[in-house]
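To start, the structure under review is shown below, and the notes come after it.
Bear in mind that the values in this text are calculations on the coordinates, not laboratory data. These numbers come from a predicted model, not from an experiment. All Cβ positions, glycine included, derive from the backbone under ideal geometry; neighbour counts span all protein chains shown.
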Amino acid sequence: MQDFLIGLYPWTKAFHIMSVIAWMAGIFYLPRLFVYHAEQSVAGDSHDEIFQTMELKLFRVIMNPAMIATWIFGLMLIFTPGIVDWSAIWPYTKGAGILTMTWFHHWLGYRRKDFLKGQNTLSGRHYRLINEVPTVLMVIIVLSVVVRF
């Protein structure tokens, strides 16, 4: 199995990077949609329906598959011999960043359901602020992997 993973390493790494890019694009864009949804729509109006459709497609068609692919290829990289130095700090900081990013992804999913039910209580300003969370997490994750502190 280890030889198999070593042989697949360049492909696994490439697909991991591509899935991370797709996931991050969605994670950056969905809170921005929530800003506009909260500020320019009222539950049940025509804008509400359009925003709900956009949010559903982004979440289910792009973000969920990209998150799953990111996890699958990331776990494949973890199990590839010689890739992770478990005596260093970086795998743990990266792991904490990824777990937090996954939690944030699901939190966004719950907020989407609030809009769907007409029960959103958060303001556009709140969503603007929360939109900075994935940026901070991305910095932690990328620095962990590249600098390997």
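Sort 31-39, 103-111 by the packing proxy (mean of other Cβ within 10 Å over each peptide's residues), most packed first. Please list the in-between numbers first.
Values: 31-39: 18.6, 103-111: 15.7.
Taking the mean over residues of other Cβ atoms within 10 Å, the ranking is 31-39, 103-111.
Under 12 Å from a label point 7 Å along Cα→Cβ of A43: give me every residue in the range 121-149 with its amide N that close. Answer for this model: 121-122.
With a Cα cut-off of under 28 Å and a minimum spacing of 8 residues unless on different chains, the lysine pairs in the chain number 4.
Going by alpha carbons, how many degrees (0 to 90, nearest 10) lie between the helix axis of 46-57 and the longest principal axis of the chain? The helix 46-57 is inclined about 10 degrees to the chain. Comparing Cα centroids, the range 1-66 and the range 108-149 end up 12 angstrom apart. Taking the empirical scaling 2.2 N^0.38 Å for compact globular proteins as reference, the chain has a Cα radius of gyration ratio of 1.20. Applying 0.36 nm per residue to the separation of V146 and L116 and subtracting their alpha-carbon distance, the gain on full extension is 6.8 nm. If the segment from R32 to W107 were pulled out straight at 0.36 nm per residue, it would be longer than the present Cα-Cα gap by 25.6 nm. Stretching N64 away from W11 to a fully extended chain increases their span by 17.0 nm, per 0.36 nm per residue minus the current alpha-carbon distance.
Could you work out [θ]222 nm for the chain from helices alone, using -39500 (n - 2.57) per DSSP H run of at least four and dividing by all its residues? Round to the nearest 500 deg cm²/dmol.
Numbers: 6 runs with 117 residues, N = 149.
Helix contribution divided over all residues of the chain: -27000 deg cm²/dmol.
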